[in-house]
1. Looking only at the stretch 160-189, which residues are among the β-branched types (Val, Ile, Thr) and farther than 23 Å from ARG118 by Cα?
2. Determine whether ASP60 is modelled with pLDDT under 70 and among the acidic types (Asp, Glu).
3. I'm told ASP102 meets every condition in (1) touching a residue at least 40 places away in the same chain (Cβ under 8 Å); (2) among the acidic types (Asp, Glu); (3) over 14 Å from LEU168 (Cα atoms) except one. Can you identify the failing condition by its number?
4. Taking the stretch 67-82 only, how many residues are over 16 Å from GLY165 (Cβ atoms), in a helix (DSSP H, G or I) and touching a residue at least 60 places away in the same chain (Cβ under 8 Å)?
5. Hey, among THR159, THR139, THR143, which residue is modelled with pLDDT of 75 or more and over 20 Å from VAL76 (Cα atoms)?
6. Search the stretch 176-193 for residues that are over 18 Å from GLN80 (Cβ atoms) and pair each with any residue that is of a type in the set (S, T, N, Q) and in a strand (DSSP E or B) when their beta-carbon atoms are under 7 Å apart and the residues are at least 6 apart or on different chains.
7. From (1) surrounded by 15 or more Cβ atoms within 10 Å (Cβ to Cβ); (2) in contact with a Gly (Cβ under 9 Å, 6 or more places away or on another chain); (3) within 24 Å of GLY175 (Cα to Cα), pick out the condition that doesn't hold for ILE115.
8. Name, by its number, the condition in (1) of a type in the set (Val, Ile, Thr); (2) modelled with pLDDT of 90 or more; (3) in a loop (DSSP other than H, G, I, E, B) that does not hold for ILE115.
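The values are calculated or read from the model by the stated rules, or taken from the named source; none is laboratory data. Keep in mind that what you see is a predicted model, and the values were worked out from it rather than measured. Cβ placement follows ideal geometry from the backbone for every residue including glycine, while neighbour counts extend to all protein chains displayed.
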Amino acid sequence: MSRLLPVMLLLLCLPVATGVKAQEIRRCVTPDGQTMFTDRRCEDVGAATRAPPAPRPQGDAGLHRYGCPRKLSELVSLLQSAVDSRDVNRLSSLYLWSGQSDAAANQVLSRLEAIVQRPLLDIVPMYPQADTPTWDADTSTTTPSLDGSAIDAPLPAPTRPRPWGLRLEQNLASGKPARSVLRLRRQYNCFWVTF
């Protein structure tokens, strides 16, 4: 019986031991964005299990993540942030690579690397050098229609010229000014740069 007593005591303790488990540690985010660890539920300590999503701006949000710049101002902003952060990968994501051989792509990448190594002073749009057409002040002339009757048709108003490129104003390490000109291309309803 004395040998049986320890075995019976062990069997009696077994159900109690299965009910005991280690406390779970939870990772919570407080309303001010701080991470905290607790053994209680996050809701009990006034926190959330994960951070709430960042509020989206109202109206046109502009560039979407993994998208392309659809406005010239977006392209300029992305160019500026890529050069300011010295990130050649971000800058190369704005380059139109179609039709490039391996050797040409390596040369382009070297030029882009040189651009991001210099501090950026300004990004200036490059406009065509051609003079804008002059328009006659006399718009009272009539234009014949297909059936021969006269139609008063005003001349179209001149449009503002579109830039063909962007000039990056930078400084070399010696302090001498440096300029890089990137041509603008529009493809897939997005703005891209090329050399």
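1. Looking only at the stretch 160-189, we keep the residues that are among the β-branched types (Val, Ile, Thr), and these are 181.
Residues satisfying the conditions do not exist here.
2. Details: modelled with pLDDT under 70: yes; among the acidic types (Asp, Glu): yes.
Taking the combined requirement at face value, the residue satisfies it.
3. (1)
4. 1
5. On the way: THR139 fails: modelled with pLDDT of 75 or more; THR143 fails: modelled with pLDDT of 75 or more.
The conditions single out THR159.
6. From the stretch 176-193, the pairs are ARG185/THR194.
7. Single failed check for ILE115: (2).
8. Unmet for ILE115, out of (1) of a type in the set (Val, Ile, Thr); (2) modelled with pLDDT of 90 or more; (3) in a loop (DSSP other than H, G, I, E, B): (3).
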